[in-house]
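Undergrad: Mind having a look at this structure? Questions to follow.
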Amino acid sequence: MNKLYKITIILIFSSSILFAGGNTEPASQAQREPSANTPIIQENINNIAYLYQLIDALSINEIDNDKALEGMVSGLLDSLGDEYSFYVPEEVSDTYQEQATGLYCGIGTYLTKKNPKVIDSKEDTVETDYYVTISSPFPGGPADRAGLKANDYITHIDGESVNDLSANEASLKLRGEPNTEVVVTVLRGSTSFDLTLKRQMVETPTTLKEIINNHIGYIQINQFSPKTTEQFTKDFKSLLKSNIDSLIIDLRNNTGGVVDSALNIADLFISDETILITKQKETLPNNVQITKANKETLVKSSFKVVLLVNGGTASSSEILTGALKDNDRALIIGSKTFGKGIMQQVFAFGKGFIQFTIAHYLTPDSIDIHEVGIEPDIIIKEEIFEDEAIPIFEELMESDKIANFVDTNPEYTHQNLEKFADEINNEKLNRSALMVLVRNEYLSRMNFEDRPVFDLYLDKALVEAINQLEK
């Protein structure tokens with residue numbers, strides 16, 4: 001099969017993540033072929049039509065037709081029992097689409113949550129299913145600066161429980177005017193704490209590139225948009241002209257996006273091998289699809305590649321990771337990826353959108369990574385504050401100590417990072433994590449184009465990648 005998976009699938013990690021410009025047309029003729037359920041579907045449609053007309057004719061209250069349609073569509077999608085299937089009504093469709101621009105005002109997080117309407121129906125439901133999960137913070141955004149991490153839970157927004165909110169509804173509550181404050185209650189491990197964050201305009205470019213030690217290329221992919229393949233290829237060719245002999249691809253906190261972009265990037269490094277296996281509904285013709293790379297590659301197989309991953313690496317990012325890992329084409333360094341091995345497709349519906357799961361995907365070695373993730377070849381633990389340190393961390397974040405320190409010590413230097421850790425001087429607080437917090441404050445005050453692309457001082461996974469490439 002050609003490298004372009006022409007079903008035009010989008011991996012949408014949650015309702016608050018990238019709307020990536022995928023297929024928003026009605027289902028194809030093949031998808032509309034009669035099925036065994038057709039008589040039941042027609043009977044249900046007739047019953048609903050009768051009920052609709054009956055209520056319209058006899059009810060003393062007027063039908064809100066928009067709400068009626070929303071309820072019927074949502075009910076149909078909720079009946080799937082799938083936490084990743086939902087209806088996006090007109091009033092929030094702009095928010096859903098604006099993710100494609102990568103620009104909005106909020107706290108700077110990708111969020112995910114199971115559909116709250118189907119949580120109760122699950123036998124294995126746990127309390128955290130009702131919370132909103134931070135799948136990753138945007139680099140330099142308010143959440144990132146405050147030290148929030150992938151897999152932190154948000155339980156309350158401004159004191160209100162998120163239990164009944166969808167990910168999209170929670171995202172709307174976190175947004176607002178620049179410089180306004182929002183209080184998020186975060187659950188990490190067994191410890192809960194409040195953080196007051198100031199909303200800011202957040203913009204995340206698709207790729208960033210740099211050269212390390214004069215011979216190692218570095219490309220950070222923040223999301224997979226329709227333009228990512230073009231941007232990545234342009235960046236990579238530019239680095240090759242600078243005579244790099246190896247490449248680090250940073251997929252940390254990349255929560256996914258357009259599948260084709262991930263596959264096309266894998267195709268640059270892999271020749272004529274399987275890069276993805278997808279399984280659709282069994283009743284569909286050719287429901288198992290094997291995607292293979294073209295024979296041509298951009299670089300020889302001897303060209304060294306390292307991938308950096310973490311718990312925020314999900315969906316399309318895991319497709320690229322699995323393709324390069326299973327084909328022995330890259331060394332994987334970091335922490336275990338998120339584990340989302342299902343695909344959604346997005347359709348325009350009326351003035352809104354519907355999204356539902358259409359396939360499972362497996363890595364080239366037929367490994368199902370859904371709710372499991374991908375283990376790196378070399379594990380580097382992320383810098384976090386452990387449970388016993390959370391109350392001290394919460395107190396630190398509610399104070400002005402970080403901002404005041406940067407005001408007093410405005411130069412972004414390693415010495416000042418160390419100085420801040422010395423001033424806090426609390427044995428319960430991870431020293432490296434403290435320096436990351438103050439580093440993020442420095443970075444947030446810089447113009448985006450002036451920020452360093454990478455950090456060789458505190459980024460242990462990146463340092464390990466460089467060490468491996470220079471062996």
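Undergrad: Could you please let me know if ILE211 is under 29 Å from VAL306 (Cβ atoms), surrounded by fewer than 21 Cβ atoms within 10 Å (Cβ to Cβ) and touching a helix residue (DSSP H, G or I) at 6+ places or on another chain (Cβ under 7 Å)? Walk me through it before giving the result.
TA: Values: under 29 Å from VAL306 (Cβ atoms): yes; surrounded by fewer than 21 Cβ atoms within 10 Å (Cβ to Cβ): yes; touching a helix residue (DSSP H, G or I) at 6+ places or on another chain (Cβ under 7 Å): yes.
Against the criterion (under 29 Å from VAL306 (Cβ atoms), surrounded by fewer than 21 Cβ atoms within 10 Å (Cβ to Cβ) and touching a helix residue (DSSP H, G or I) at 6+ places or on another chain (Cβ under 7 Å)), ILE211 qualifies.
Undergrad: Within the stretch 370-390, how many residues are modelled with pLDDT of 85 or more and either out of contact with any helix residue (DSSP H, G or I) (no Cβ under 8 Å at 6 or more places or on another chain) or part of a loop (DSSP other than H, G, I, E, B) (or both)?
TA: Looking only at the stretch 370-390, we keep the residues that are modelled with pLDDT of 85 or more, and these are 370-381.
Now restrict to residues that are either out of contact with any helix residue (DSSP H, G or I) (no Cβ under 8 Å at 6 or more places or on another chain) or part of a loop (DSSP other than H, G, I, E, B) (or both): 370-377, 379-381.
Residues meeting the conditions: 11.
Undergrad: A further question on this structure: With the requirement that a residue be touching a helix residue (DSSP H, G or I) at 6+ places or on another chain (Cβ under 7 Å) and of a type in the set (Val, Ile, Thr), what does the stretch 256-303 give you?
TA: If the condition is that a residue be touching a helix residue (DSSP H, G or I) at 6+ places or on another chain (Cβ under 7 Å) and of a type in the set (Val, Ile, Thr), then VAL258, VAL259, ILE265, ILE270, ILE275, THR291 are the ones that fit.
Undergrad: Sticking with this one: With the condition kept exactly as written, say whether any residue in the stretch 53-73 is polar (S, T, N, Q) and touching a residue at least 12 places away in the same chain (Cβ under 8 Å).
TA: Residues of the stretch 53-73 polar (S, T, N, Q): 53, 59, 61, 65.
Among the residues that remain, those that are also touching a residue at least 12 places away in the same chain (Cβ under 8 Å) are: none.
The answer is no; no qualifying residue exists.
Undergrad: Can you name the number of the only condition in (1) surrounded by 19 or more Cβ atoms within 10 Å (Cβ to Cβ); (2) under 15 Å from THR109 (Cα atoms); (3) touching a residue at least 60 places away in the same chain (Cβ under 8 Å) that THR185 fails?
TA: (3)
To keep it simple, each residue is scored yes or no on (1) surrounded by 14 or more Cβ atoms within 10 Å (Cβ to Cβ); (2) outside the structural domain of PHE454 (by TED's automatic domain parsing); (3) closer than 21 Å to ARG188 by Cα.
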| site | (1), (2), (3) |
| --- | --- |
| ILE333 | yes, yes, no |
| PHE347 | yes, yes, no |
| ASP365 | no, yes, no |
| ASP368 | yes, yes, no |
| ILE374 | yes, yes, no |
| MET397 | yes, no, yes |
| ASN404 | no, no, no |
| PRO410 | no, no, no |
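Undergrad: Condition test on ASP326, is it acidic (Asp, Glu), surrounded by 16 or more Cβ atoms within 10 Å (Cβ to Cβ), in the same structural domain as ASP250 (by TED's automatic domain parsing) and out of contact with any helix residue (DSSP H, G or I) (no Cβ under 9 Å at 6 or more places or on another chain)? Steps first, answer last, please.
TA: Details: acidic (Asp, Glu): yes; surrounded by 16 or more Cβ atoms within 10 Å (Cβ to Cβ): yes; in the same structural domain as ASP250 (by TED's automatic domain parsing): yes; out of contact with any helix residue (DSSP H, G or I) (no Cβ under 9 Å at 6 or more places or on another chain): yes.
In short, yes.
Undergrad: Let me ask something additional. When LEU263 is evaluated against the numbered criteria (1) assigned by TED's automatic domain parsing to the domain that holds GLU127; (2) under 20 Å from the mean Cα position of the chain (by Cα), which criterion, by number, is the only one it fails?
TA: (1)
Undergrad: On the given criteria, is LEU80 free of Cβ contacts under 8 Å to residues at least 12 places away in the same chain and under 30 Å from ASP129 (Cα atoms)? Outline the logic, then answer.
TA: Details: free of Cβ contacts under 8 Å to residues at least 12 places away in the same chain: no; under 30 Å from ASP129 (Cα atoms): yes.
Spelling it out, it is not the case that LEU80 is free of Cβ contacts under 8 Å to residues at least 12 places away in the same chain and under 30 Å from ASP129 (Cα atoms).
Undergrad: Restricting to the stretch 292-307, count the residues that are surrounded by fewer than 24 Cβ atoms within 10 Å (Cβ to Cβ) and either within 17 Å of the chain's Cα centre (by Cα) or of a type outside the set (Lys, Arg) (or both).
TA: Step one: list which residues in the stretch 292-307 are surrounded by fewer than 24 Cβ atoms within 10 Å (Cβ to Cβ), which gives 292, 294-305.
With the extra rule that they be either within 17 Å of the chain's Cα centre (by Cα) or of a type outside the set (Lys, Arg) (or both), the set shrinks to 294, 296-299, 301-303, 305.
Qualifying residue count, the stretch 292-307: 9.
Undergrad: Related question: Looking at the stretch 125-137, can you tell me whether even one residue there is aliphatic (A, V, I, L, M), under 23 Å from LEU434 (Cα atoms) and in a loop (DSSP other than H, G, I, E, B)?
TA: Filtering the stretch 125-137 down to residues aliphatic (A, V, I, L, M) leaves 126, 132, 134.
This time we only want the ones that are under 23 Å from LEU434 (Cα atoms), so: 134.
If we keep only those that are in a loop (DSSP other than H, G, I, E, B) as well, we get none.
No, the conditions are met nowhere in the stretch 125-137.
Undergrad: Sticking with this one: Looking at LEU417, LEU429, LEU434 in this structure, which one is part of a helix (DSSP H, G or I), under 25 Å from ASN310 (Cα atoms) and either modelled with pLDDT under 95 or of a type in the set (Asp, Glu) (or both)?
TA: Working: LEU417 fails: either modelled with pLDDT under 95 or of a type in the set (Asp, Glu) (or both); LEU429 fails: part of a helix (DSSP H, G or I).
Answer to the check: LEU434.
This table checks each residue for (1) at pLDDT 80 or above; (2) out of contact with any helix residue (DSSP H, G or I) (no Cβ under 8 Å at 6 or more places or on another chain).
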residue	(1), (2)
ILE40	yes, yes
THR95	no, no
PRO116	no, no
SER121	no, yes
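Undergrad: Kindly indicate which of SER190, SER225 is within 25 Å of GLU371 (Cα to Cα), of a type in the set (Ser, Thr, Tyr) and over 21 Å from the mean Cα position of the chain (by Cα).
TA: Values: SER225 fails: over 21 Å from the mean Cα position of the chain (by Cα).
Only one candidate qualifies: SER190.
Undergrad: When residues of the stretch 320-369 are filtered for being in a strand (DSSP E or B) and either in contact with a His (Cβ under 9 Å, 6 or more places away or on another chain) or modelled with pLDDT of 95 or more (or both), how many remain?
TA: Here is the first cut: in the stretch 320-369, the residues in a strand (DSSP E or B) are 331-334, 342-349, 352-362.
From what is left, the residues that are either in contact with a His (Cβ under 9 Å, 6 or more places away or on another chain) or modelled with pLDDT of 95 or more (or both) are 331-334, 342-343, 360-362.
Looking only at that region, the number is 9.
The values are calculated or read from the model by the stated rules, or taken from the named source; none is laboratory data. All values derive from a computational prediction rather than experimental measurement. As a convention, Cβ positions derive from the backbone with ideal geometry for all residues, glycine included, and neighbour counts pool all protein chains shown.
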